[in-house]
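Let me begin by presenting the structure, written as structure tokens, before commenting on it.
FYI, it's all coordinate maths here, none of it is from the lab. Quick caveat: nothing in here was measured; it's all calculated off a predicted structure. Cβ coordinates were reconstructed from backbone atoms using ideal geometry, including for glycine residues, and neighbour counts include every protein chain displayed.
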Amino acid sequence: MKQARPLTIVNARLVTPGGLPEGALRCADGIILALGRDVAPQEGDEIVDARGKLLAPGLVDLGVFAVDKPAFHFGGITRAGLMPDQSPVLDLPSRVGFIAKSGKPDLWVHPLAAATCGLEGRELAELALMQEAGAKGIATGRRWIADSGVMLRLLQYAAMLGLVVVTHAEDGALTGEASATAGEIATRLGLPAAPAEAEALAIARDIALAELVGARLHIRQVTTARGFDLVRSAKARGLPVTCGITPAHFMLSDLATADFRTFTRLSPPLRCEADRQAALTAIGDGTVDVIASGHDPRGPEDKRLPFADAAPGMAGAETLLAMVLGLVRDEVIDTARAFDLIARNPARLLGVPAGELAAGLEADIALIDSEAPWIIDRRKMEATADNTPFDRQGAQGRVLGLWKGGVSLAR
């Protein structure tokens, strides 16, 4: 799907790393040509009037578990970094190559290669061959690699290939089959629980090994105050360590599990209120690099079970933008920083020419009404499953138009 003719979007508030200047953006052949106050349409251009709304880069969602195009398009997502936890696991070049083409023509899918065969944490997969097949990073999947020797070899291999390693930060020996964070709420509910320190132990080990070999390490979800402190310390030492979080972990605490509603059964589990506040601080001070949806649609067969037996996961693609814009309204971050978190930074981690409105980059563009109110209603969701923890919650921020490579995506 190629752009048929040049496109100029006028009267927009352009979301750039430096602020929100008013102006226009022009693109052709799938590439942004120019943007700013002095940009004007030329003869033969398709012209779209933004009417003063935000014109932003298409969102880059790093670490989704399913390709769910309708949900992604609703949420303004034009690129998705797919986790290797698929059926079958993305641990062979042929599987990676197939997935890399699976989103075309209306979505970029960037597969993350399985770090180990079968994601079992024992034998390294053929990482170089999977990189050649289209892998944009390496991931440990939903589990932490317990064997430090295997993890060290993985980081050494990744450093040679120039690939980021995306890790899950929970010491599995401590978490076991836990479904909640140890504390007052889990005790009252009688849920199997694990200490929050399981996260800090995993992060500390992985950072130490990454520092030893100079590898790029991205901790997909950091959710505790101790975890954020470890990442801050690593950044202060100049290490190439980054971290992410999902909206559930900065919007909700373990109090949300009090009614045993399995849509709040997540991995990592929801934390205490002090950790939630620490997450907001980390987002505000720059410790957090990426906010991702954690999109993991789960049907009734996985969620209509006792809380401890339900599968963890949330359908997050449709609510990601609105939740992050909520941080802007609450003055935790500004708009430019918001799109760094959901577009520019994840694009850089994946090494793709997108995530920012800049000349020469891919014309993946979202037109957004940041003030549009709506009610999140699981019964009306575009996703393949409705397991959102934000059901019936009010939100603001809707995508009005979406372009991939300069081509409009019908919504």
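Tabulated results
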item	result
Helix 273-285 axis, angle to the chain major axis (alpha carbon atoms, nearest 10°)	40 degrees
On Cα atoms only, tilt of 320-329 relative to the major axis of the chain in degrees	80 degrees
The chain: Cα Rg divided by the 2.2 N^0.38 Å rule of thumb	0.95
Whole-angstrom Cα spans of segment 1-157 along principal axes, big to small	58, 31, 26
D (Stokes-Einstein, µm²/s), Kirkwood Cα radius, segment 215-328, 1.002 mPa s at 20 °C	145 µm²/s
Taking D285, D171 and counting other C-beta atoms within 10 Å, the order from fewest to most	D285, D171
Sites matching chymotrypsin sites (Phe, Trp or Tyr not before Pro) across segment 239-277 that sit in DSSP coil, with at most 16 neighbouring C-beta atoms within 10 Å	F260
Per residue convex hull volume, Cα atoms of segment 336-411, in Å³	131 Å³
Whichever lysines have a C-alpha closer than 23 Å to that of K380, once near sequence neighbours (fewer than 8 apart) are set aside	K69, K303
Acute angle (nearest 10 degrees) that the helix 197-213 long axis makes with the longest principal axis of the chain, alpha-carbon atoms	70 degrees
Centroid-to-centroid separation of segment 6-66 and segment 370-389 [C-alpha atoms, Å]	26 Å
Selected from K104, K303, K136 as most flexible by GNM, with the chain as the system and alpha-carbon contacts under 10 Å	K104
For S293, S267, S87, order by how many other beta-carbon atoms lie within 10 Å, fewest first	S87, S267, S293
Leading residue at positive end of dipole, the chain (Cβ point charges), from T16, A186, V231	T16
Square roots of 5 times each gyration tensor eigenvalue, C-alpha, segment 83-153, largest first, Å	22, 11, 9
Which of V109, V39, V15 has the fewest Cβ neighbours within 10 Å, and the rest in rising order	V39, V109, V15
Computed magnitude of the charge dipole of segment 1-73 (debye, nearest 20; Cβ of K, R +1, Cβ of D, E -1)	100 debye
